[in-house]
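So the structure is just underneath, and the comments pick up after that.
The values are calculated or read from the model by the stated rules, or taken from the named source; none is laboratory data. All of these numbers come straight from a predicted model, not from anything done at the bench. So basically every Cβ, Gly included, is an ideal-geometry build from the backbone, and we count neighbours across all protein chains shown. The accessibility values were calculated without ligands, DNA or RNA, using every heavy atom of the protein model including side chains. Shrake-Rupley method; radii C 1.70, N 1.55, O 1.52, S 1.80 Å.
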Amino acid sequence: MTLGVLAPYRGLGIGAKLVNHVLDLCTKQNIGEVYLHVQTNNEEAIKFYKKFGFEITETIHNYYTNITPPDCYVVTKFIAQSQTKK
């Protein structure tokens, strides 16, 4: 699955709402980790995801076949799980 916002609509908070929605769903469903791939030269996207607590956890060489550079970073967000009282 991909997530993207067309250039004319960037900076309006749409991407942030999408990411926050996914993270909220993950918290509610006790998913402890979310990761995604981002092209190594996509500094804007890397900066965007870092604002949400994602960290670069891996580099995959030759991940992409039709774009240059072909390498990607795996960026991961570890989600703290809330303890539910019984």
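Considering only the stretch 27-86, state which residues are closer than 16 Å to ALA16 by Cβ, open to solvent by 70 Å² or more (accessible area, probe 1.4 Å) and either in contact with a Cys (Cβ under 6 Å, 6 or more places away or on another chain) or at pLDDT below 95 (or both).
If the condition is that a residue be closer than 16 Å to ALA16 by Cβ, open to solvent by 70 Å² or more (accessible area, probe 1.4 Å) and either in contact with a Cys (Cβ under 6 Å, 6 or more places away or on another chain) or at pLDDT below 95 (or both), then GLU44 is the only one that fits.
How about the stretch 7-43: which of its residues are farther than 13 Å from VAL75 by Cβ, touching a Lys or Arg at 6+ places or on another chain (Cβ under 9 Å) and not aliphatic (A, V, I, L, M)?
Scanning the stretch 7-43 gives a single hit, CYS26.
Residues in the stretch 11-28: is at least one over 11 Å from the mean Cα position of the chain (by Cα), polar (S, T, N, Q) and outside any strand (DSSP E or B)?
So the first thing to find is which residues in the stretch 11-28 are over 11 Å from the mean Cα position of the chain (by Cα), and the list is 11-14, 17, 21, 24-28.
Narrowing the set further to residues that are polar (S, T, N, Q) leaves 27.
This time we only want the ones that are outside any strand (DSSP E or B), so: 27.
Yes, that holds for at least one residue.
Among the listed residues TYR49, TYR63, identify the single one that is touching a helix residue (DSSP H, G or I) at 6+ places or on another chain (Cβ under 8 Å) and hydroxyl-bearing (Ser, Thr, Tyr).
From the options TYR49, TYR63, the qualifying one is TYR49.
Among the candidates ILE79, ILE56, ILE67, which residue alone is touching a strand residue (DSSP E or B) at 6+ places or on another chain (Cβ under 8 Å) and in contact (Cβ under 8 Å) with a residue 40 or more places away in the chain?
Criteria check complete, one pass: ILE79.
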